[in-house]
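The values are calculated or read from the model by the stated rules, or taken from the named source; none is laboratory data. Since the model is a prediction, treat every value here as computed from it, not as a measurement. Note: ideal-geometry Cβ built from the backbone for every residue, glycine included; neighbour counts use all protein chains shown.
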């Protein structure tokens, strides 16, 4: 079984991740990641026919998916 620490280790010094690695880091299935990529929500790098996902693009996906904390949402 994968641990959170192991998932962080995948990112150490890496620019690109394989589909299975990217899905594991995001906590989703590779099929869901494929669907997000097919829908244009996650850019894919293709190098010699191999699909890779940019760590920066994955971080941007996470940032875009964040919702404001409940306290911030009700403060206004």
Can you spot a residue in the range 10-17 that is under 22 Å from residue 65 (Cα atoms) and modelled with pLDDT of 95 or more?
-> yes
Residue that is surrounded by the most Cβ atoms within 10 Å (Cβ to Cβ), among those in the range 48-63 that are under 13 Å from residue 19 (Cβ atoms) and in contact with a strand residue (DSSP E or B) (Cβ under 8 Å, 6 or more places away or on another chain) | 53
